[in-house]
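Take a look at the structure set out below.
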Amino acid sequence: MRNRALKDMIWAACIAIALAAVFVGFVLEAVGHYYGDKSRPVMDLGHSVSAPKTEVRQSGMTADGTVHRLQQSADAGQVYLDSLVYLCDASFIPLRSSGLTAGQVWGSESGSLPMNKLDLWTITFPADNSQRSPGQACMLSQPKTLVLCIGSEGLDGLNEDSFVQYYEALIEDIHNYSPATVMICCPVASVAPGYTGLDNMSGTRAAEINSWIMRVCRETGAWYADLTSVLNDGGYLRVEFAEPDGRTLNAAGLNAMLNYLRIHALSSN
């Protein structure tokens, strides 16, 4: 009797050990399956963010890390100049009353467009003489090509990064309102030799600002019009192209600018 009881106890113990082994095996299998599932390869949705920044932002503007300069072309004529819209600061604003182009010339009432107050810019919209931001004006008119003649005013407190940030914000705003508009950035026109204005502009300063504008073109895909090749001599605005203030383009200077654009025309126009 005692032997039978002992055998039953040994048998029960074996069954218990077997059940325990099965339980442990089940737990290990379950845990092992869990980690295997977690280690499956997944799609890296952020990979495209770190891809090289090369994109076509809009028709005619490609941001690929290079400065796209206007190339010499056949003479596109007055019709081409009349098809352009010009956004001008004080150096170029005489174009508005010059009669040299039938294209719209946008500028503020005073003619000044300071870069350090770019977020406050309003221009006189020719269609109804209303005051609108450049982006709003583009929304209403959807210009095919916008020539930006800005960057020489309101430079106090701006370094390269802040200047570029303001300028690129303007381009982005225009793009949001008018996605098909192609933009051409012009360099600042420098100043005549001997200029002593309170803004401290000089040939050296103008060249520095123009390098910033080229950076804007490189980062946004906007075209660069190298007007310095016709307006400047030795880094300074040619005397024959300057008003008596030594800062503003006269009729001859504006003609030189327009002649450059008509023989460096965009083929898409």
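None of the figures in this text is laboratory data; all of them are computed from the coordinates on show. Keep in mind that this is a model prediction, so the values were computed, not measured. Note that each Cβ is placed from the backbone with ideal geometry, even for glycine, and that neighbours are counted across all protein chains shown.
Apply 1/(1 + (r/R0)^6) to the Cβ-Cβ distance of Asp75 and Asp199, taking R0 = 22 Å, and write down the FRET efficiency to the nearest 0.05.
Working: r = 36 Å, r/R0 = 1.63.
It comes to 0.05.
Got a sec to turn the phi values of region 101-117 into Karplus ³J(HN,Hα) couplings, 6.51 cos²θ - 1.76 cosθ + 1.60 with θ = phi - 60°, whole Hz, x for Gly and Pro?
Along region 101-117, the couplings run 8, 8, x, 5, 10, 9, x, 6, 4, 7, x, 9, 9, x, 5, 6, 10 Hz.
When the expected Rg is taken as 2.2 N^0.38 Å, what fraction or multiple of it is the alpha-carbon Rg of region 82-169? Display every interim value, and only then the final one.
Working: Rg = 12.8 Å, N = 88, 2.2 N^0.38 = 12.1 Å.
Against the empirical 2.2 N^0.38 Å value, I get 1.06 for region 82-169.
If each Cα of region 112-269 is one equal point scatterer, what is log10 of I(q)/I(0) from the Debye formula at q = 0.11 Å⁻¹?
-0.44
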